[in-house]
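In what follows, a single structure is set out as structure tokens and then discussed.
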There are 4 protein chains.
Amino acid sequence: MSRVQRKRDERVRRIVAVAAEVFGERGYEATTLEEVAERLDVTKGSLYYYFAGKDELATAAIETLGTDWTERLEALAGSLAEASRPERLRALLRAHIAIAVQEYPAALRLFLVPDSWPAALRDRIRELRRRHDLVFRREITAGVDAGEFSVVSVDATLQAMHATMSQAPLWCSHLAPEARDRAMDDLAEVLSKLSR
Amino acid sequence: MSRVQRKRDERVRRIVAVAAEVFGERGYEATTLEEVAERLDVTKGSLYYYFAGKDELATAAIETLGTDWTERLEALAGSLAEASRPERLRALLRAHIAIAVQEYPAALRLFLVPDSWPAALRDRIRELRRRHDLVFRREITAGVDAGEFSVVSVDATLQAMHATMSQAPLWCSHLAPEARDRAMDDLAEVLSKLSR
Amino acid sequence: MSRVQRKRDERVRRIVAVAAEVFGERGYEATTLEEVAERLDVTKGSLYYYFAGKDELATAAIETLGTDWTERLEALAGSLAEASRPERLRALLRAHIAIAVQEYPAALRLFLVPDSWPAALRDRIRELRRRHDLVFRREITAGVDAGEFSVVSVDATLQAMHATMSQAPLWCSHLAPEARDRAMDDLAEVLSKLSR
Amino acid sequence: MSRVQRKRDERVRRIVAVAAEVFGERGYEATTLEEVAERLDVTKGSLYYYFAGKDELATAAIETLGTDWTERLEALAGSLAEASRPERLRALLRAHIAIAVQEYPAALRLFLVPDSWPAALRDRIRELRRRHDLVFRREITAGVDAGEFSVVSVDATLQAMHATMSQAPLWCSHLAPEARDRAMDDLAEVLSKLSR
DNA sequence: GATGAATGAGCGTTCATTCAT
DNA sequence: AATGAATGAACGCTCATTCAT
């Protein structure tokens, strides 16, 4: 890989990171390329040198955001290998909520992509969700198999967890810092009940 | 009430219904008056004869939908006065999910308040939510007071219930009829656990 | 003239009067038929039963406004037949200013009709101006002929008088009542100097 | 100043000049950005690259015109330091009229502040007027203080002068060249009387 | 590689005008 | 005679997209 290519990759990475930030804050529709460009301190037109358009940029951003998010949860799961199952699940739920609330408050809106998007992109997003989902699914099924967890339905339980976590920002964002922390704790605790 | 007035009301009702549909499908920002008008087979400008603008139309759509929904749940709660607490709660959860999935599959987007919504609308939505929320809150707190329910936090529990119910259509819509019914049952059952 | 015809004339008169009022306050562009209709307590569409459109209504309004204005000045001139020439001129100037400021604050804008108007209407307006102009022209020329007035040029003098009077609302409107009265007095006094 | 910057400035200058022209011909409300763009042979949207909106464009137009005009009068006043007061006043009046008639025949409409103009613009216009006004106010008050001029009211006198000068194009524009020159002379002479 | 400039389609909104009733 | 309803053209404005330099 040439030096030029590395430079380009680095640039692309930075653009995507910033785009993920903006898309995460504002959602797809409310995000303008102008704002993305501004935060990168370049002009709007420059973005087109790297991305074919808003949709592609959004896709890359979602991908990055989703991958980053998933990897952090996976890393956390790894680092908690010693903890008890309930402890680990709660920690994962809590971390997920914290990321949603603090870093990607508009993620829900972002994953509610416009129907007008090409099927390929929608599939890609679904794929990302699946991988994301897997982090929690593994915990639950392993716990159930081990007889430590008991759920009505794994799918329904995961559905409830994800729905609650993705909407957490709507509830928590406008709370004062301490109240917000408590609210996030409560949510994680409440969701933990679903596996008992 | 005059014939003219009735006609007008009927017209307004149709507009609001269609608007709720489109807002639900697309979200606030992505909804264009052009599309609402097209589905009504009138021109954009005609909408302004009945509504002062996009915001008012969205408000009316949300208001109608929210009020109708709440009233049906309140009626159900009333008719179940005799049932046991857990029974009644599960029935309410199941009914809520059914309404969401079958009648307002797009409600999530309607109640998913983007920061870009006019403040007035935001407040109104919050108000509607509160009333809607109250149906379930009453059940939970009464159960807790009676010592039959036990929750970590009433607020967090309600938050989880509402989030899950509003996202149910995303999961259930594309399932086959029987699978869908079972999924809805499971969700209601899962959420019931939150009060135990 | 039939009773029906009289009734119609009466209606037309009322419409035109109200239209003159609104056009006088807002100017041509800012006046909407909606507002005219509202003040008449009828619907927009009804106006079209009497007038072919906004332009015709405006023309009629200007005509009425101009005629009324002129007639009041002529009446005043008649009632001051005994007064000295300078007295009469000043009174006329003062009256003109008062009407402009208090009743038709946007008259200037109204007489600055859009270039897009049909030539016939523009001619009619010019005609109205001429008659209006004549009230003052008569005074000046008579005074000059009698050796009591002395002007550089009758046309230029009248031009200055009319320009000043028509712009008076711009200056006077936002003054407090007493200051406004004084300002109008001053203007009339100042313009009187032009004939000495 | 870079070549790019110079180019941009030049572009802005041209836009403002054309805008002043159109605003002058049509007035604020009747001016459409479409027409401004058309005369510049660009599209409507392009204007927004340079100006935030119609208001800002109008402000810039008025500002440019007003500043240029005032500075020329101030320069003339400076160059006539030796002349007698009456001479200097007449020369200023005559110059003002000439600029109005020959260069800014539509200035009246620009300075004719409709109530509908955004408040910010109104204030700015008032400010420009004040500075413009000052050129003449200085002459008058100095003359009065020196006992060479005598006026009923400085304010009213200035009001009359400005009104007359700004409406001069309405009268003079359609005259033949020689008649027009004479008319302008007459107007200046007539207005001179106001200070005697 | 990046910029400044321009484009054009589309949006929410206004309003004169038309017309069936 | 008058109304309620609808239309459609136009407006100010936004923004993704293109492109010469």
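The values are calculated or read from the model by the stated rules, or taken from the named source; none is laboratory data. Note that the coordinates shown come from a computational prediction; the quantities given were computed from them, not determined experimentally. Here the Cβ positions follow ideal geometry from the backbone for every residue, glycine too, while neighbour counts run over all protein chains shown. Note: areas computed on protein heavy atoms with side chains; ligands, DNA, RNA excluded. Shrake-Rupley method; radii C 1.70, N 1.55, O 1.52, S 1.80 Å.
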Name the residue that is nearest to A:Arg122 (Cα to Cα), counting only residues in the range A:37-49 that are away from every other protein chain (no Cβ under 14 Å), near DNA strand E (Cβ under 7 Å from one of its atoms) and open to solvent by less than 80 Å² (accessible area, probe 1.4 Å).
A:Ser46
Checked against (1) within 10 Å of chain C (Cβ to nearest Cβ); (2) free of Cβ contacts under 8 Å to residues at least 60 places away in the same chain, D:Gly147 satisfies every condition except (1)
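Look at C:Arg138 and say whether it is within 14 Å of chain D (Cβ to nearest Cβ) and open to solvent by 50 Å² or more (accessible area, probe 1.4 Å). Don't jump to the end; show me each part of the working.
Details: within 14 Å of chain D (Cβ to nearest Cβ): no; open to solvent by 50 Å² or more (accessible area, probe 1.4 Å): yes.
Taking the combined requirement at face value, the residue does not satisfy it.
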Restricting the range B:13-36 to residues that are closer than 24 Å to B:Ala119 by Cα and within 11 Å of DNA strand F (Cβ to nearest atom), the residue that is farthest from the other protein chains (Cβ to nearest Cβ)
B:Ile15
Restricted to the range D:20-34, and to residues that are in a helix (DSSP H, G or I) and within 14 Å of DNA strand E (Cβ to nearest atom), which residue is least open to solvent (accessible area, probe 1.4 Å)?
D:Leu33
On the basis of being small (Gly, Ala, Ser) and within 14 Å of another protein chain (Cβ to nearest Cβ), does B:Ala107 make the cut?
yes
Of the residues that make up the range A:105-127, is at least one out of contact with any Leu (no Cβ under 8 Å at 6 or more places or on another chain), within 17 Å of A:Leu73 (Cα to Cα) and surrounded by fewer than 17 Cβ atoms within 10 Å (Cβ to Cβ)?
yes
State which residue pairs qualify: first residue within 22 Å of C:Thr32 (Cβ to Cβ) and inside the range D:26-50, second residue near DNA strand F (Cβ under 9 Å from one of its atoms) in any location, beta carbons under 7 Å apart, and separation of 6 or more residues or different chains.
D:Leu33/D:Lys44; D:Leu33/D:Leu47; D:Leu33/D:Lys54; D:Glu34/D:Lys44
Determine whether the range B:107-117 contains at least one residue that is under 18 Å from the mean Cα position of the chain (by Cα) and among the polar types (S, T, N, Q).
no
Neighbours by Cβ (under 7 Å, 6+ apart or cross-chain): first from the range A:87-103, under 17 Å from A:Ala183 (Cβ atoms); second polar (S, T, N, Q):
A:Arg90/A:Ser192; A:Leu93/A:Ser192; A:Ala100/A:Ser166; A:Val101/A:Ser173
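Select from the range D:50-98 the residues that are within 16 Å of DNA strand F (Cβ to nearest atom), open to solvent by less than 40 Å² (accessible area, probe 1.4 Å) and part of a helix (DSSP H, G or I) and list them in ascending order.
D:Leu57, D:Ala58, D:Thr59, D:Ala60, D:Ala61, D:Ile62
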Among the residues of the range D:154-169, is any of a type in the set (S, T, N, Q) and assigned to a loop (DSSP other than H, G, I, E, B)?
no
Considering only residues that are facing chain C (nearest Cβ under 7 Å), at pLDDT 95 or above and surrounded by fewer than 23 Cβ atoms within 10 Å (Cβ to Cβ), which ones fall in the range D:160-189?
D:Ala183, D:Asp186, D:Glu189
